[in-house]
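Asker: Let me begin by handing over the structure; questions about it come next.
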Amino acid sequence: MNDTAPVLVAEGLEKSFFGVTVLRGVGLALRPGEVHGLVGENGAGKSTFMKILAGVYERDAGTITLGGREVDFSHPVQAARAGLATVFQEFNLLPERTVAQNVFLGREPRKGGFVDRKAMVRETRALLDELGIEGVDPDAPVRTLTVAEQQIVEIVKALSVDARVIQMDEPTAALADHEVELLYAIVRRLSERGVAILYVSHRLKEIFDLCDTITVLKDGALVSSGPAAELDTDELVRRMVGRPISAYFPGVLEGTVLGEPRLELRGAGNGYVDDIDLELRAGEIVGVAGLQGSGRTELVEALFGVVPFTRGEMLLDGAPVRMTSARQSVKTGIALITEDRKAQGLALNQSVADNALLVIRSVFARRTGEVRRELPGVLSSLEVASQGVDQEVQYLSGGNQQKVVLAKWLATKPRVVLLDEPTRGIDVGAKVAVYNLMRRLAKEGVAILMISSELPEVIGMSDRIVVMHDGRASAELPARSDETTILSAATGTLRIGGEEAR
Amino acid sequence: MSTATTTSAPPRRPRRRRLDASLIVGIALVGVIVIGAILVATVGRNFFSAGNIRDILTGMSVLGFVAIGQTFVILCASLDLSVPYVVSLSSLIAADLMAGNPANIPVAVLAVLVVAALIGLANGLIVTKLRVNGFIATLGTGLIIKGYLDTNYKGTSGEVPWEFQLIGATGVGPVPVSTLIMLAVAVAGAFFLARTRTGNHMFAVGGNEQVARLSGIRTARPLIIAHMLCSITAALAGLLLASRLGVGSPTVGTQGGYDLLSIAAVVLGGTLLLGGRGSIWGTIGGVAIFAVVDNVMSVMQVNPFLKDVVRGIVIVAAVAVYTARVVERRRPRFTGSGSDRAPESVEGGGGIAGGGTGAGNAGIGTPGVERRQEEQA
């Protein structure tokens, strides 16, 4: 394989945002038919690298050569037409339009000046057949498809421009296990056809299953780039992290006592989760693992009364409760730190103080003055770096925004804290601050439920781990369970006592 | 072991086909006609008489023109509030230029269309280039036109020759010529949306501008063209009104309330106010529902204030029905009735299936299928 000339060569790519360097001198070579894994921690620069190749971002320095010609794309469409297509993590599909209309969006085939719908459907079907996909109707509106099928439509869209290089950013992030197999098959078929694939994934198993070559990034710099056969999982993780995982996570604080059950669920369920049994004790941190779409967010939304449980029992401090609104939950001492901080956690164009007082003002208005006086202290204890409490939160970094969200909830003095992806998209320093806060709350007797997609975080922080699969709690595992066990429970392959876990 | 896992979700799932929005409008229209016919019959009149049908169709045509144009604009996630003023202005330009002379008809019609196209172009440019929200942009241009009309016209003006008045007065059987023209424009509009790139791109720009841009669409173009088409159809409505009145009038557009009524008809027709989904035929259905409701109330001699109450209820009810369908973005996994659990769980789940408004109907089978496969495994 090494004899063939590379189809894509990137050399010395550099990029900085607002003076922060996110890529320094990164390069790699892609050969036809090669599946090239690109790995690294969150914030290592993988996405930036892909987006520079795709023409979303402009590079500060470096060269990109596609098929022997130096290129400089300023728009993803330009890159795609030159043969470098990208399947982004967020779907770029119109749910109300059909599969064929989406695949040919922006370059609809024409006959006699009018859109040739038959050709559009025919060619879409041909592409689907080529990938061996059955059951996706080119005339079906995209909203009727499953997430996996939508992912396929994205890939077909990339293929329809006759791409020689396809970049895929976390293509399996939203897929269930059997759907991942389908993606594998597609990737292999593409590679047989001589398409070079740059594959970004957090799931190391996929990287080893699929990739011929693995490039590792860390803190925006190239660590290594070489044949996958020369690496094993441990070595790869060591290169990605550069330090043992446990170094991040603070241990349980002295004086933390495991108290009475604060929150209990017995056979609880609604339209999205089913048959959940859960116990959350004072001073305890329970981690919730599971793939995207497994019902983790739906579980905390049900606990918080956003989409209430419709069956089963929920007990708070031993007394049965029925949470039917967020307001009621706040009043009873539950806090939910949502997954999407910008859309659901903050009023972006309001000040730090306004955001921190948001819940207090609306639910416990009488305590506003008291909390306002305490605010500077709370913010500084969380190490919020801002130009004062009057700065609009949209100008803060992700980590500081998250701390404002935490401050907002701490003000309510919650007894149960639900955290949904509390460290997503924030820097390491802020992550550690969040971890320390969780430990401190646990010591004060707060019961904590933390959803996380990052297994090291779940393992490093949890006293117990609940794994969700297909809307049900498929397993409850002890602290420090290994990644393999958690993952197999998350994908439904774990068997306990010879019986398939649900 | 690994084979057992793949059964957790069946590979072939019965696909839920949601009722097409224009089909719902069609059903609603038939329902309204049936109820209307019965009500009219109770006062001893025939809803389906040629005269009554002609009345309904005549009532449809002016609003129909305006609503067709409004559909384009709303599909692109914009709005056009300047239409009533364009309608008035068009009637005046037409009547003034015709000045009672049939030879002037072609020039007058052409002038009206050109002026309307320019107004639409201005709207489109303000929305796309100056990035002013369509609501505000067209409110502004509408007020500018209103100012011009108020300053220059104290009342009706011009004279429409008899030959042009025929358009508004004649018909083929019970079907007025004006309705036929309106329907022809609707056919052209539906074809434009389905079979031209610009038409296709309107859905994309309205549905998700980011996706449209990332797909290489020049997003300004469809929006500008939508605004131009909207002003042009408003001008057609103005021409029709001039033909009916025999003169131009500076208030004929505002009296008709065509801005909000056309938006209401479009939304009633299943087009999403946020853009990206909708159809011309749905809009025509919406216009027809309004026309039938109006007609029934006129025949029954209902208090005119009650008319507006009924209109208002129809609009709110229609949108409530559509949003109920839209809100349920995530598909419920557990619908309860497929559950093998205790009876109380069925009761609890039943509420969810109902809340899904149709979403649950076909989906109910799914968990059952899953469960059976799991048991086999």
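Values quoted throughout were computed directly from the atomic coordinates according to the rules given, and no laboratory measurement underlies them. Please read these numbers as outputs of a predicted model, since none were measured by experiment. Backbone-built Cβ (ideal geometry, glycine too); neighbour counts: all protein chains shown.
Asker: Describe numerically, in nm with one decimal, the distance between label points set 7 Å from Cα along Cα→Cβ at A:His75 and at A:Asp234.
Answerer: If labels sit at A:His75 and A:Asp234, their model points lie 5.1 nm apart.
Asker: Just check the range A:1-103 against the gyration tensor rule for me: Cα atoms, a ≥ b ≥ c as the square roots of the eigenvalues, rounded for a/c under 1.5, and otherwise prolate or oblate depending on whether a/b exceeds b/c.
Answerer: Taking the square roots of the gyration eigenvalues as a ≥ b ≥ c, the range A:1-103 is oblate.
Asker: Charges at C-beta only: +1 for Lys and Arg, -1 for Asp and Glu. How large is the resulting dipole of the range A:345-413 about its Cα centre, in Debye rounded to 20?
Answerer: It works out to roughly 320 debye.
Asker: Something else now. In vacuo Debye scattering of chain A, one point per C-alpha: log10 I(q)/I(0) at q = 0.11, 0.12, 0.13 Å⁻¹?
Answerer: Summing over Cα pairs of chain A leads to -1.04, -1.20, -1.33.
Asker: If you count, for each residue, the other Cβ atoms within 10 Å and average over each peptide, how do B:25-37, A:462-474, A:153-165 line up from highest to lowest?
Answerer: So the order, starting with the most tightly packed, is A:462-474, A:153-165, B:25-37.
Asker: Here's another thing I want to ask about it. Under 5 Å between amide hydrogens, which residues at least 5 positions from A:Leu217 or on another chain qualify, with H placed 1.01 Å from N in the peptide plane?
Answerer: The answer is A:Val39, A:Gly40, A:Val223.
Asker: Would you mind computing, in nm to one decimal, how far apart the modelled labels at A:Ser397 and B:Arg54 are, each placed 7 Å from Cα along Cα→Cβ?
Answerer: So the label points at A:Ser397 and B:Arg54 sit 7.8 nm apart.
Asker: Grab the beta carbon distance between A:Thr324 and A:Arg266, set R0 = 22 Å, and tell me the FRET efficiency rounded to 0.05.
Answerer: It comes to 0.75.
Asker: Enumerate the whole-percent occupancy of each 20 Å bin, from 0 to the last occupied one, for all C-alpha pair distances of the protein assembly as shown.
Answerer: Histogram of Cα-Cα distances, whole percents per bin: 13, 37, 35, 14, 1.
Asker: Just tell me how shielded B:208-214 is by partners: mean number of partner chain Cβ atoms within 10 Å of each residue's Cβ, no decimals.
Answerer: Per residue, the average neighbour count from other chains is 6.
Asker: So, R0 is 25 Å and r is the distance between the beta-carbons of A:Asp482 and A:Asn436; what FRET efficiency does that work out to, to 0.05?
Answerer: Taking R0 as 25 Å, the efficiency between A:Asp482 and A:Asn436 is 0.50.
Asker: So what's the angle, to the nearest 10 degrees on a 0 to 90 scale, between helix A:117-130 and the longest Cα principal axis of chain A?
Answerer: Once rounded, one gets 80 degrees.
Asker: Kindly rank A:86-93, A:257-264, A:398-405 from highest to lowest mean number of other beta carbons found within 10 Å of each residue.
Answerer: A:398-405, A:86-93, A:257-264
Asker: Now a separate question. Take every DSSP beta bridge whose two residues both sit in chain A, then give the antiparallel share in percent to the nearest 5.
Answerer: About 55 percent, rounded to the nearest 5.
Asker: How high is the relative contact order of chain A, in percent, counting Cα pairs under 8 Å that sit 6 or more residues apart?
Answerer: 14 percent
Asker: How large is the helix-only mean residue ellipticity at 222 nm for the protein assembly as shown, computed as the sum of -39500 (n - 2.57) over DSSP H runs with n ≥ 4, divided by its residue count, in deg cm²/dmol to the nearest 500?
Answerer: It lands at -15500 deg cm²/dmol.
Asker: Using 7 Å Cα-to-Cβ label points, what is the B:Ala188/B:Leu166 separation (nm, one decimal)?
Answerer: 2.0 nm
Asker: Mind putting together the pair-distance distribution for the range A:345-413? All Cα pairs, 5 Å bins, whole percent per bin, short to long.
Answerer: Per 5 Å bin, starting at zero, the Cα-Cα P(r) for the range A:345-413 comes out as 3, 21, 35, 26, 12, 3, 0 percent.
Asker: Can you list the lysines whose alpha carbon sits under 20 Å from that of A:Lys342, skipping same-chain ones fewer than 8 residues off?
Answerer: A:Lys342 reaches A:Lys403, A:Lys408, A:Lys431.
Asker: May I ask you to sort A:Val306, B:Val160 by Cβ crowding, counting other Cβ atoms within 10 Å and putting the fewest first?
Answerer: Going from sparsest to densest Cβ surroundings: A:Val306, B:Val160.
Asker: Shielding by partners for A:431-444, please: the mean number of other protein chain Cβ atoms within 10 Å of each residue's Cβ.
Answerer: 0
Asker: How crowded by other chains is A:97-109, given as the mean number of beta carbons from other chains within 10 Å of each beta carbon?
Answerer: Shielding by partners across A:97-109 averages 4.
Asker: Would you grab the residues whose amide H sits under 5 Å from the one on A:Met468? Only those 5+ places off in sequence or on another chain, please, with H modelled 1.01 Å from N.
Answerer: A:Ala289, A:Gly290, A:Ser474
Asker: Beta carbons within 10 angstrom, averaged per residue: use that to sort the peptides A:361-374, A:478-491, B:89-102, highest first.
Answerer: In descending order of packing, they fall as B:89-102, A:478-491, A:361-374.
Asker: To test your reading of the geometry: what angle, between 0 and 90 degrees and rounded to tens, separates the Cα axis of helix A:177-192 from the longest principal axis of chain A?
Answerer: The angle comes out at about 20 degrees.
Asker: Given R₀ = 35 Å, FRET efficiency for A:Glu313-A:Glu370 by Cβ-Cβ distance, to 0.05?
Answerer: 0.50
Asker: Another question, if that's okay. Just for the protein assembly as shown, what percent of DSSP beta bridges are antiparallel, to the closest 5?
Answerer: 60 percent
Asker: Just check the range A:8-244 against the gyration tensor rule for me: Cα atoms, a ≥ b ≥ c as the square roots of the eigenvalues, rounded for a/c under 1.5, and otherwise prolate or oblate depending on whether a/b exceeds b/c.
Answerer: Judged from the Cα gyration tensor, the range A:8-244 comes out prolate (a/c at least 1.5, a/b above b/c).
Asker: Is there a pair in A:Lys15/A:Lys205; A:Lys205/A:Lys443; A:Lys331/A:Lys443; B:Lys154/B:Lys307; A:Lys118/A:Lys157 whose C-alpha atoms are over 26 Å apart, and which pairs would that be?
Answerer: A:Lys15/A:Lys205; A:Lys205/A:Lys443; B:Lys154/B:Lys307
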